[in-house]
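The values are calculated or read from the model by the stated rules, or taken from the named source; none is laboratory data. As the structure is a computational prediction, the values presented were derived from the model and not from experiment. All Cβ positions, glycine included, derive from the backbone under ideal geometry; neighbour counts span all protein chains shown. SASA here: full protein model, heavy atoms, side chains in, ligands and nucleic acids out. Shrake-Rupley method; radii C 1.70, N 1.55, O 1.52, S 1.80 Å.
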Amino acid sequence: MTDLTGKRVAFLATDGFEDSELTSPWEAVTAAGATAVMIAPAAGSITGKNGHSQSVDIVSSDADAADFDALVLPGGVVNADDLRMDDASVAFSRAFFAQHKPVGAICHAAWTLIEADVVSGRTLTSFASLKTDLRNAGATWVDEEVVVDAGFVTSRTPEDLPAFNAKVIEEIAEGAHAEQTA
């Protein structure tokens, strides 16, 4: 297994996230030695659509991408829809691209990245219902279990989590990618 000791990985979500799309990558990066940090628009805790509760470590408006090595965005319709309406969360997400850092987004999480204006010219996947939104935002959408585009890792659904987790860990281990831009 790839060693991520010393790496800090931000997870950005809010209520309504897809539980396994938070817990599975969280477990994968921490098992590889990274420190996972929960970022959300509000303090306290957030609850997934299936009941998983996660304590918030830092609110989006206080979070700085410079303090992290990578970002993971779990999906969930309500989660992604709410995050894309939160200016601090959108700016936090965009900053990872501007700093050339790895980003993993699964399922509906790409909505936040459309709002962050970082998908144009990129090849990615997502939950199928976002295909038109992503194409309209200038992305090339493909139907594959995992897509990597210069440090940007995307997957479609919880069924893709094993491939997603493996590629997220690989990209975090590789570090910054010059082609990863905002």
> So which pairs qualify, if the first residue must be in the stretch 127-149 and closer than 16 Å to Lys167 by Cβ, the second must be open to solvent by 80 Å² or more (accessible area, probe 1.4 Å) and part of a loop (DSSP other than H, G, I, E, B), the Cβ gap must be under 9 Å, and the two must be at least 6 apart or on different chains?
Replying inline: Asp149/Glu179
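In the stretch 99-110, which residues are in a helix (DSSP H, G or I) and among the small types (Gly, Ala, Ser)? Show your work before the answer.
Within the stretch 99-110, the first condition is being in a helix (DSSP H, G or I), and the residues that meet it are 107-110.
Result: Ala109, Ala110.
Scanning the stretch 19-54 for residues that are among the small types (Gly, Ala, Ser) and assigned to a loop (DSSP other than H, G, I, E, B), which turns out surrounded by the most Cβ atoms within 10 Å (Cβ to Cβ)?
Step one: of the stretch 19-54, the residues among the small types (Gly, Ala, Ser) are 20, 24, 28, 31-34, 36, 40, 42-45, 48, 51, 53.
Then keep just the ones that are assigned to a loop (DSSP other than H, G, I, E, B); that gives 32-34, 42-44, 48, 51.
Working: Ala32: 19, Gly33: 14, Ala34: 24, Ala42: 13, Ala43: 11, Gly44: 9, Gly48: 22, Gly51: 7.
Restricting to residues being among the small types (Gly, Ala, Ser) and assigned to a loop (DSSP other than H, G, I, E, B), the top hit is Ala34.
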>> Can you say whether Gly175 is modelled with pLDDT under 95 and within 18 Å of Phe11 (Cα to Cα), as far as the supplied structure shows?
In response: yes
>> If I go through the stretch 111-158 residue by residue, how many of them are open to solvent by less than 70 Å² (accessible area, probe 1.4 Å), of a type in the set (Gly, Ala, Ser) and not in a loop (DSSP other than H, G, I, E, B)?
In response: 2
>> Given the criterion small (Gly, Ala, Ser), at pLDDT 95 or above and touching a Cys at 6+ places or on another chain (Cβ under 8 Å), identify the matching residue among Gly6, Gly48, Gly75, Gly33.
In response: Gly75
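How many residues does the stretch 55-89 contain that are of a type in the set (A, V, I, L, M), open to solvent by 10 Å² or more (accessible area, probe 1.4 Å) and either free of Cβ contacts under 8 Å to residues at least 24 places away in the same chain or not in a helix (DSSP H, G or I) (or both)? It would help to see each step written out before you state the result.
Going residue by residue through the stretch 55-89, those that are of a type in the set (A, V, I, L, M) are 56, 58-59, 63, 65-66, 70-73, 77-78, 80, 83, 85, 88.
Subsequent filtering for residues that are open to solvent by 10 Å² or more (accessible area, probe 1.4 Å) retains 56, 58-59, 63, 66, 77-78, 85, 88.
Remaining after also requiring either free of Cβ contacts under 8 Å to residues at least 24 places away in the same chain or not in a helix (DSSP H, G or I) (or both): 56, 58-59, 63, 85.
Within the stretch 55-89, residues that are of a type in the set (A, V, I, L, M), open to solvent by 10 Å² or more (accessible area, probe 1.4 Å) and either free of Cβ contacts under 8 Å to residues at least 24 places away in the same chain or not in a helix (DSSP H, G or I) (or both) number 5.
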> When the stretch 159-170 is examined, which residues are found to be closer than 17 Å to Phe68 by Cα and surrounded by 22 or more Cβ atoms within 10 Å (Cβ to Cβ)?
Replying inline: Val168, Ile169
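In this structure, does Asp143 turn out to be of a type outside the set (S, T, N, Q) and out of contact with any helix residue (DSSP H, G or I) (no Cβ under 8 Å at 6 or more places or on another chain)?
On the way: of a type outside the set (S, T, N, Q): yes; out of contact with any helix residue (DSSP H, G or I) (no Cβ under 8 Å at 6 or more places or on another chain): no.
Criteria not met by Asp143.
Which residues, counting only those in the stretch 90-104, are within 17 Å of Glu179 (Cα to Cα) and either open to solvent by less than 40 Å² (accessible area, probe 1.4 Å) or not polar (S, T, N, Q) (or both)?
Ser93, Arg94, Ala95, Phe96, Phe97, Ala98, His100, Lys101, Pro102, Val103, Gly104
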